[in-house]
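This report refers to the structure that appears directly beneath it.
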Amino acid sequence: MAFKVIEKNILKASEDTANENREVLRHNNVFTVNIISSPGAGKTSLIERVGPVLKEEGVPFTVITGDCFTTRDAERIDVLKIPVIQINTGNACHINGQLIKAALKDVDLTKMDLLIIENVGNLVCPAQFDLGEDTKIALFSVPEGDDKPVKYPLIIKQSRLALINKMDLLEHSDFDVSFCEESIKKINPGIETLLISCKKDEGLDGFISWVKENIKIKKERNR
């Protein structure tokens, strides 16, 4: 029984911090996405491809990237002159609300429309923790196999958008696109799905449009 109480207290503290983050972000009209995937599915590559386009189109944003020990992802993003904050979690398998709260102190939210959180590569733990984001984004890739949504349904339930990356490798695999998309829809009928290739810059216009539309919706809702 004592362990259950401790767990509840930890989760309650995490929820409270997430709600604090959410209120700060809402007050400043910052649309916030939490991108979650397995390691190597293409989170950083996605940001590398769409970041410069968003910047060129006048969308002010910051990236918070999570990694256990290195700064490799942040270095890749920084080269593009995109504002980025590195969070190192040590052996923790996800970013938590307290780490986001600390990172937000180094950001001028009044000059931002968008916050992109690139979580630690993991489809399990990050899906369980609310950071104060508007939505999670589930990112899968062709080499992982078409059954990932079935194996990890929570991330689908928590997300408003699912991306299937590395479509340029489709001809070299037995990945069943229809099965994957149908599995996603069965778990969350309201979710949108986009097929993309960061390598070939395919389908990324759709993602950029989705981001810009949701920025607009949040601003209108908070007027």
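Net charge dipole, the chain: roughly 720 debye, given to the nearest 20, about the Cα centre with Cβ charges of +1 for Lys and Arg and -1 for Asp and Glu.
Each of 143, 131, 50 was placed along the dipole of region 3-145 (beta-carbon charges, centred on the mean Cα), and the one lying farthest toward the positive end is 131.
Model label points for residue 76 and residue 125, set 7 angstrom from Cα along the Cα-to-Cβ axis, are 2.1 nm apart. Candidate membrane-span-like segments in the chain, meaning DSSP H helices with Cα atoms spread over at least 27 Å of their own axis and a Kyte-Doolittle mean of -1.0 or above, are 2-27, with no membrane implied.
Please compute one quarter of the surface area of the Cα convex hull for region 70-187 and express it in square nanometres. If you wrap the Cα atoms of region 70-187 in a convex hull and average its projections, you get 8.7 nm².
I need 209, 159, 178 ordered by Cβ neighbour count within 10 Å, fewest first. Intermediate values should be presented prior to the final figure.
Details: 209 11, 159 25, 178 8.
The order, fewest Cβ neighbours first, is 178, 209, 159.
Measure out, as a whole number of angstrom, how far apart the alpha-carbon centroids of region 172-223 and region 13-77 sit. Going from one Cα centre to the other spans 16 Å.
As a proxy for reagent exposure, 61, 129 were ordered by neighbouring Cβ count within 10 angstrom, fewest first; the result is 129, 61.
With Cβ to Cβ distances under 12 Å as the rule, what net charge do the other residues near residue 131 carry (K, R +1; D, E -1)?
Values: positive: 22, 101, 136; negative: 15, 20, 118, 130, 133, 134.
For residues surrounding residue 131, the net value is -3.
Distant-in-sequence amide contacts of residue 193, defined by a placed amide H-H separation under 5 Å and a gap of 5 or more residues or a different chain, comprise 162.
Quick one: plug the Kirkwood hydrodynamic radius of the chain (C-alpha pairs) into Stokes-Einstein at 4 °C, 1.567 mPa s, and report D in µm²/s.
On the way: Rh = 17.9 Å.
The diffusion coefficient I find is 73 µm²/s.
Phi angles of region 151-163 translate, via the Karplus equation with coefficients 6.51, -1.76, 1.60 and θ = phi - 60°, into HN-Hα couplings of 6, 10, x, 4, 5, 5, 4, 8, 10, 9, 9, 10, 10 Hz per residue; Gly and Pro are given as x.
I need the chymotrypsin sites (Phe, Trp or Tyr not before Pro) found in region 150-218, filtered to DSSP loop residues with at most 16 other beta carbons within 10 Å of theirs. Please report the intermediate quantities before stating the final value.
Working: sites: 175, 179, 207, 210; in loops: 175.
Filter output for region 150-218: empty list.
Taking amide hydrogens as placed 1.01 Å from N in the peptide plane, the amide H of residue 141 sits under 5 Å from those of 165, each at least 5 positions away in sequence or on another chain. Converting phi to 3J(HN,Hα) with the Karplus coefficients 6.51, -1.76 and 1.60 and the offset θ = phi - 60°, region 191-196 yields 7, 9, 10, 10, 9, 9 Hz in sequence order, with x at every glycine or proline. Gain on full extension, evaluated as 0.36 nm per residue between residue 173 and residue 106 minus their Cα-Cα distance, stands at 19.8 nm.
Read-outs throughout are calculated quantities, based only on the coordinates presented, and are distinct from any laboratory measurement. None of the values given here were measured: they were computed from a predicted structure. For neighbour counting, all protein chains shown are included, and Cβ atoms are generated from backbone atoms with ideal geometry for every residue, glycine included.
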